[in-house]
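Working notes, beginning with the structure itself.
Every number in this text was worked out from the coordinates using simple rules, so none of it is lab data. All of these numbers come straight from a predicted model, not from anything done at the bench. Counting neighbours? That spans all protein chains shown, and the Cβs are built from the backbone with ideal geometry, glycine included.
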Amino acid sequence: MPDLSIYIVEDDVTLRDELANLLELNGYNMQVCNDFATAAQTAIEGDFACVLLDLTLPGTNGHSICREIRKASEVPIIVLTSAGDEFHEVMSLNLGANDFVLKPYRPAALLARMAALIQRNGQQLAQTSTIEHEGVTVDLNACTVAYQGKEAQLTRNEQRILTLLMRNAGAIVSRQEIMCDLWESDAFIDDNTLTVNINRLRKTLAQIGVPEDYLQTRRSLGYVIE
């Protein structure tokens, strides 16, 4: 087992101790959150393999923490909560959580989900940190896009959409494929949400002088970068 550290953001002391014991027995290191006001910053700055995040927390909530983490880090996030309604699940996934697990959790299933996320994230980090097509360069680590000496910051969704299209340059990528890549299941995302993200990406590209026809719409089919 690699030397992996898990960040536990949970205010229930009994459950937190159970999680810590489970992780330790399975070869993980862990750090527990003692100050929920700084939970997001600690997750961003720490060298964690995964974050286990409760939603109902004193003085804040897991959705806010998830949003702040995802602005600056791609660390895998598993929301672990007793709030099992559809709203909390959809909100968590839309804000960047990788998985949503209900309490009481099954230890073996939680460990399997966590291991799969950690492995997938490790493979992504091992890939090249930049991708380039027709003079447009995306820095995957810095989450920026550059063109002819100009640079702009990308949101997480903008980067994922642009990277997917660039890696499939010349081929039409359907809206469903983009939604699945962004959120792992298009069941949680409607067409309007994707359209908003595409429009924001186009504005970001325009800010640095990327030609308007770089990202093209194929009506009823999807999008393509030639």
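Worth a mention:
- In degrees, nearest ten, helix 107-126 long axis to first principal axis of the chain (Cα): 40 degrees
- Three-way shape label, the range 5-126, alpha-carbon gyration tensor, a/c 1.5: rounded
- Helix 62-72 vs. the chain, principal-axis angle (Cα, 0 to 90°, nearest 10): 50 degrees
- Straight-line cross-link reach from Lys203 at under 17 Å between alpha-carbon atoms covers these lysines, not counting any fewer than eight positions away in the same chain: Lys150.
- Interchain or long-range residues, amide H under 5 Å from Gln31's placed H: Ile6, Tyr7, Ile8
- Computed from label points 7 Å out along Cα-Cβ, the spacing between Thr38 and Glu86 is 4.1 nm.
- Phi-derived couplings, Karplus 6.51 cos²θ - 1.76 cosθ + 1.60 at θ = phi - 60°, listed residue by residue for the range 201-207: 5, 4, 5, 4, 5, 5, 4 Hz, with x used for Gly and Pro.
- Hull shadow area, averaged, the chain [alpha-carbon convex hull, nm²]: 12.9 nm²
- Helices in the chain, meaning DSSP H runs of at least 4 residues, each add -39500 (n - 2.57). Divided by all residues, the mean residue ellipticity at 222 nm is -13500 deg cm²/dmol.
- Per-residue packing, averaged as other Cβ atoms within 10 Å, sorts the ranges 167-178, 57-68 into the order 57-68, 167-178, beginning with the highest.
- Extension gain for Glu212 to Asp139 (0.36 nm times residue separation, less C-alpha to C-alpha distance): 24.2 nm.
- Against the chain, whose longest principal axis is taken from its Cα atoms, helix 13-25 shows a tilt of about 80°.
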